[in-house]
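Below you'll find the structure, written out as structure tokens, and then a few comments.
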Amino acid sequence: MIKHAQHKKRIVISFLGTVLDAGFGKKRHQKWRPNIALHQHGLDIAQVELFVSDKYQRLADVIKDDIHAISPDTQVNCVPMTLTNPWDFSEVYEKLSDWASNYPFDTDTYDYLTHITTGTHVAQICLFLLVERHQIPSLLLQTAPPKRQHDGSQTTLQAIGEVEDALVQLNVLAEEIVVQREALAASQDTLRLTENQYQAGMVDYLAVTSAQTIALNSERTLLNLLGTQLTASVQLISALGGGWQMETGEQ
């Protein structure tokens with residue numbers, strides 16, 4: 001007997017859209033909401049990992065109920081993801097990376113889809129990078145309301161090329177920043193040790209000024225890398241066709 005291969009179940013990873021998913025009254029059903037639209041086209045999603053800030057739990061509960069009304073068998077897990085500053089690349093990337101490192105991915109059983117329509121642009125970029133680096137073993141998924149024609153000179157191929165270039169640059173910068181943070185920490189440790197040695201009369205003050213110079217240079221290098229990272233992030237946002245109105249500064 002020939003055994004037909006079974007389709008894997010799907011798990012979607014997504015941020016709650018505090019603007020795009022918003023709505024509490026009956027009119028919300030007339031509005032396009034990305035985390036609801038995912039379930040309206042027969043995609044057959046078994047589970048949703050929904051990143052939610054504590055202060056938006058009420059909205060998350062509404063989205064969860066509305067998903068169940070469309071797809072009763074879909075399990076929606078509200079994942080706590082409270083960010084001090086949702087536009088801080090380092091904070092967002094670190095928290096998402098920590099989540100991904102601890103999540104029990106099972107690619108033999110599930111196909112994963114990372115939804116990048118909601119959340120701040122920084123959150124979308126961080127998800128891009130984690131998927132690109134295979135820390136999240138997933139395909140990217142983007143939803144959109146009924147399309148409108150937009151004026152613009154970019155072709156699709158140009159936009160794709162710019163996205164790829166920006167992603168490569170951000171990946172390289174992320175690795176360089178990790179190394180430079182370690183270098184800065186080491187130089188600061190050396191400076192503290194040298195200062196203690198100076199106070200104990202073991203070295204002269206020239207050794208202290210030399211250690212201070214090395215630590216200062218390490219800090220400047222890190223700041224330059226962070227500035228370059230911010231510029232590359234803006235370039236990626238532009239290549240994605242983004243502005244600053246898609247989601248507010250709220251998570």
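The values are calculated or read from the model by the stated rules, or taken from the named source; none is laboratory data. Values in this document were obtained by computation on a predicted structure and should not be read as measured data. Cβ placement follows ideal geometry from the backbone for every residue including glycine, while neighbour counts extend to all protein chains displayed.
Laid out as a table, the results:
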| quantity | calculated |
| --- | --- |
| Any hit, the stretch 91-108, residues being β-branched (Val, Ile, Thr) and either in contact with a helix residue (DSSP H, G or I) (Cβ under 8 Å, 6 or more places away or on another chain) or at pLDDT 95 or above (or both) | yes |
| Number of the exception - THR118 against (1) closer than 25 Å to PRO145 by Cβ; (2) surrounded by fewer than 20 Cβ atoms within 10 Å (Cβ to Cβ); (3) in contact with a Pro (Cβ under 8 Å, 6 or more places away or on another chain) | (2) |
| One residue from GLY23, GLY42 being surrounded by fewer than 17 Cβ atoms within 10 Å (Cβ to Cβ) and of a type in the set (Gly, Ala, Ser) | GLY42 |
| Selection count where residues are assigned to a strand (DSSP E or B) and either modelled with pLDDT under 95 or surrounded by fewer than 20 Cβ atoms within 10 Å (Cβ to Cβ) (or both), scope the stretch 50-75 | 1 |
| Residue count for the stretch 76-87, restricted to those that are out of contact with any Asp or Glu (no Cβ under 9 Å at 6 or more places or on another chain) and either exposed (fewer than 13 other Cβ atoms within 10 Å of the Cβ) or among the acidic types (Asp, Glu) (or both) | 0 |
| Flag for SER90 being in a helix (DSSP H, G or I), within 12 Å of the chain's Cα centre (by Cα) and surrounded by fewer than 21 Cβ atoms within 10 Å (Cβ to Cβ) | yes |
| Some residue of the stretch 57-77 being touching a residue at least 12 places away in the same chain (Cβ under 8 Å) and within 16 Å of the chain's Cα centre (by Cα) | no |
| Residue that is farthest from HIS39 (Cα to Cα) [pool: residues in the stretch 94-121 that are under 10 Å from the mean Cα position of the chain (by Cα) and either assigned to a loop (DSSP other than H, G, I, E, B) or basic (Lys, Arg) (or both)] | LYS95 |
| Output for the stretch 189-215, where each listed residue is among the small types (Gly, Ala, Ser) and not in a helix (DSSP H, G or I) | ALA200, GLY201 |
| Subset of the stretch 29-49 that is in a loop (DSSP other than H, G, I, E, B) and within 22 Å of the chain's Cα centre (by Cα) - its residue that is nearest to GLN142 (Cα to Cα) | LEU38 |
| Subset of the stretch 37-67 [touching a Leu at 6+ places or on another chain (Cβ under 9 Å) and among the basic types (Lys, Arg)] | LYS64 |
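Quick grid of which residues meet (1) in contact (Cβ under 8 Å) with a residue 40 or more places away in the chain; (2) over 28 Å from ASP165 (Cα atoms); (3) among the β-branched types (Val, Ile, Thr):
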site	(1), (2), (3)
HIS39	no, yes, no
LYS55	no, yes, no
ASP88	no, no, no
ALA100	no, no, no
ASP111	yes, no, no
HIS121	yes, no, no
